[in-house]
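Colleague: Shown below is the structure under consideration.
The values are calculated or read from the model by the stated rules, or taken from the named source; none is laboratory data. Because the structure is a prediction, the values reported are computed rather than measured. Here the Cβ positions follow ideal geometry from the backbone for every residue, glycine too, while neighbour counts run over all protein chains shown.
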Amino acid sequence: MDAELKELYQQVILDHNKNPRNFRKIENANHFAEGYNPLCGDRLNIYVELEDGRIKDISFQGSGCAISKASASLMSSIVKGLPVEEAEKLFEKFHAVITGKITDEENIEELGKLAVFAGVKEFPSRVKCASLAWHTMVAAFKQEDKSVSTE
Amino acid sequence: MATEIINNNKRKSTGFDVNKIRADFPILKEIIHGKPLCYLDNAATTQKPQSVIDTIVKYYTSQNANIHRGVHYLSELATKEFEDARTKVKDFINASSEKEIIFTRGTTESINLVANVFNKAILKDEDEIIISAMEHHSNIVPWQLIQDQKKIKLRIIPIGDNGEIIFDEFIKLINEKTKLISIVYVSNSLGTINPVERIIEEAHRHNIPVLLDAAQAIQHIKIDVQKLDCDFLAFSGHKIYGPTGIGVLYGKEKLLDSLPPFLGGGDMISKVTFEKTTYNELPYKFEAGTSNIADTIGLGTAIDYVSQIGLENISLHENEILDYATESLLQIPELRIIGQAKHKSSVISFVFDNIHPHDAGTFLDFEGIAIRTGHHCTQPVMDRFNIPATSRASFAMYNTKEEVDVLVKGIKKLIEVFN
């Protein structure tokens, strides 16, 4: 594979695409949102169980490309247990990295496993794929029950 | 099953030299991500031969002036070139008069023009327009815009699993409220060639006019509007090796004459006073404002180019490529072709069980292969087949079997990485 392409499709992303974590429905979820990317028609449902301002459980279902599926999978593994505010802050940082606003190594490393998405910044048309799950999660926190669009 | 969806056309094209044609298209020499460009996105837009590029350069270099009413040399020259292009279009589709050829920005504007003037002059509450389930959004949304003002109904001809319209269902949709049938000639996402002759015949039996969206047909199929007897025909220049921003609406003279103007402004008037304005004759009545002169002349050159090679030769070659590509892609077990109509144009939509079209598109791009991925502006088609998107390879006169091999090799690599 070409180096730039390898940077986008890192092994971790390919793994999460094949075996997504938390790919299920939470029956007693108290927060839910549906994400929609009109560019590609992808839909993503995010289920969240909040308890005392913390993410007790989070899961997703839907169809999407490797980037959006891996992003939802990794996001759900990482934010589980975090307070809502921290998850939202993490999204801000994640968004800044994938859009190329943060490029210094140190800052990117702070994202931990999420740093594998840094390659997305070279593919502007795929930024929405990587951010769809996050947008949808934030919408679910607010308990907006309508469909969320990345547009 | 493989043979079922392969076109019946087994004749070989004669005197058709694909290498000679490729040499006419400078962009085909480009290197993309270190690989030779393999351009298979022709249903989105076709590349331009050197002659079209030269025409536009020549126009702005030595002919540029505003057309009509100018008395100076350049204005007369530009007017002649512009009106010559109209004659070329007229001859190309065998319209009976230049009055029937209206220049627009493209297929979308052409359809919007008809929708707009039909809304003004003909449509009333409860009237019905028939379209099909395989329309491009550009033949859905213009009619829905009317629905914001009037209670008109859109009736949709359903499509079967093979991607063909269900003709019996179409007949059932026709009634005394039907005011227009607006249908795509060739589907951009499925490749289906619709039985437009039968549709027009059936419509005319009930005195209903028919608009054909020929955006994906004009570059593949020889169209004779008089023989077809369609009432309107819309197409875009950029899909037939011409520039973007220029398109055509053909309409029968009598029908166009009876309809009110679309846009108001310069060129479309005969006499203007503050009390009353009379409109210009056809086709100028529908061409308000300064036209896209350079690209219109460029379209004329594109038509010259296509005519010189011959649409029949072009379609024979494209069908060969389509058959070869269909056969090759069917050998890949992880891949499924969407749209298996008996009569197909050189468009192949496909999906994988476990690979999203966008990943396929990005991956293949790094092999130098340009395909389109997504819903192709036909979201109802995606819903019909219960898929979010497809990957689409579409072939033009300059594509080769070697390029199909590059595509197949790229797809096999893709499957290796993603499965």
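Colleague: crowded, with 22+ Cβ neighbours inside 10 Å, within 25 Å of B:I31 (Cβ to Cβ), within 14 Å of chain A (Cβ to nearest Cβ) and not hydroxyl-bearing (S, T, Y), is that true of B:D359?
Modeller: In short, yes.
Colleague: Restricting to region B:376-397, count the residues that are surrounded by fewer than 22 Cβ atoms within 10 Å (Cβ to Cβ) and not polar (S, T, N, Q).
Modeller: Count: 7.
Colleague: What is the residue count in region A:1-18 for residues that are in contact with a Leu (Cβ under 7 Å, 6 or more places away or on another chain) and of a type in the set (A, V, I, L, M, F, W, C)?
Modeller: So the count comes out to 0.
Colleague: Among the residues of region B:44-60, is there at least one that is in contact (Cβ under 8 Å) with a residue 40 or more places away in the chain, more than 14 Å from chain A (Cβ to nearest Cβ), small (G, A, S) and under 30 Å from A:K6 (Cβ atoms)?
Modeller: Yes, that holds for at least one residue.
Colleague: Scan region A:7-42 residue by residue and report those that are basic (K, R) and without any contact (Cβ under 8 Å) to a residue 40 or more places away in the chain.
Modeller: A:K18, A:R24, A:K25, listed by residue number.
Colleague: Let me ask something additional. Please enumerate the residues belonging to region A:13-30 that are touching a Lys or Arg at 6+ places or on another chain (Cβ under 7 Å) and either within 10 Å of another protein chain (Cβ to nearest Cβ) or surrounded by fewer than 18 Cβ atoms within 10 Å (Cβ to Cβ) (or both).
Modeller: Result: A:N17, single match.
Yes or no, residue by residue, for (1) surrounded by fewer than 19 Cβ atoms within 10 Å (Cβ to Cβ); (2) within 12 Å of chain B (Cβ to nearest Cβ); (3) closer than 21 Å to B:F366 by Cβ:
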| position | (1), (2), (3) |
| --- | --- |
| A:D2 | yes, yes, yes |
| A:S63 | yes, yes, no |
| A:S77 | yes, no, no |
| A:T99 | yes, no, no |
| A:F117 | no, no, yes |
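Colleague: Still on this structure, I have one more. If I ask for residues that are basic (K, R) and touching a residue at least 40 places away in the same chain (Cβ under 8 Å), which ones from region B:82-99 would you list?
Modeller: Residues satisfying the conditions are B:R86, B:K88, B:K99.
Colleague: Take the residues in region B:381-419 that are part of a helix (DSSP H, G or I) and under 23 Å from B:Y241 (Cβ atoms); name whichever of them is nearest to the other protein chains (Cβ to nearest Cβ).
Modeller: Among those that are part of a helix (DSSP H, G or I) and under 23 Å from B:Y241 (Cβ atoms), it is B:V406.
Colleague: Residue by residue through region A:119-140, note down the ones that are β-branched (V, I, T) and within 14 Å of chain B (Cβ to nearest Cβ).
Modeller: Result: A:V120, A:V127.
Colleague: Follow-up. If you check B:I122 against the conditions, is it β-branched (V, I, T), more than 20 Å from B:V184 (Cβ to Cβ) and at pLDDT 95 or above?
Modeller: yes
Colleague: Further question: Of everything in region B:27-82 that's farther than 30 Å from B:D267 by Cα and of a type in the set (G, A, S), which residue is farthest from the chain's Cα centre (by Cα)?
Modeller: B:G34
Colleague: Out of curiosity, is B:L233 touching a residue at least 40 places away in the same chain (Cβ under 8 Å) and in contact with a Leu (Cβ under 6 Å, 6 or more places away or on another chain)?
Modeller: yes
Colleague: Hey, can you tell me all the residues within region B:57-113 that are among the basic types (K, R) and modelled with pLDDT of 95 or more?
Modeller: Listed by number, the residues that qualify are B:K58, B:K80, B:R86, B:K88, B:K90, B:K99, B:R105.
Colleague: Now a separate question. Please determine, by comparing only the residues of region B:251-265 that are assigned to a helix (DSSP H, G or I) and not acidic (D, E), which one is surrounded by the most Cβ atoms within 10 Å (Cβ to Cβ).
Modeller: It comes out as B:L256.
Colleague: Could I ask something else about it? Checking A:E92 against (1) more than 10 Å from chain B (Cβ to nearest Cβ); (2) under 12 Å from the mean Cα position of the chain (by Cα); (3) buried (at least 16 other Cβ atoms within 10 Å of the Cβ), which single condition isn't satisfied?
Modeller: Evaluating A:E92 over (1) more than 10 Å from chain B (Cβ to nearest Cβ); (2) under 12 Å from the mean Cα position of the chain (by Cα); (3) buried (at least 16 other Cβ atoms within 10 Å of the Cβ) leaves (3) as the failure.
Colleague: Within region A:31-52, track down each residue that is in a strand (DSSP E or B), surrounded by fewer than 23 Cβ atoms within 10 Å (Cβ to Cβ) and within 14 Å of chain B (Cβ to nearest Cβ).
Modeller: A:E34, A:Y36, A:R43, A:N45
Colleague: While we're here: Can you confirm whether region B:371-380 contains a residue that is out of contact with any helix residue (DSSP H, G or I) (no Cβ under 8 Å at 6 or more places or on another chain), free of Cβ contacts under 8 Å to residues at least 40 places away in the same chain and part of a helix (DSSP H, G or I)?
Modeller: The answer is no; no qualifying residue exists.
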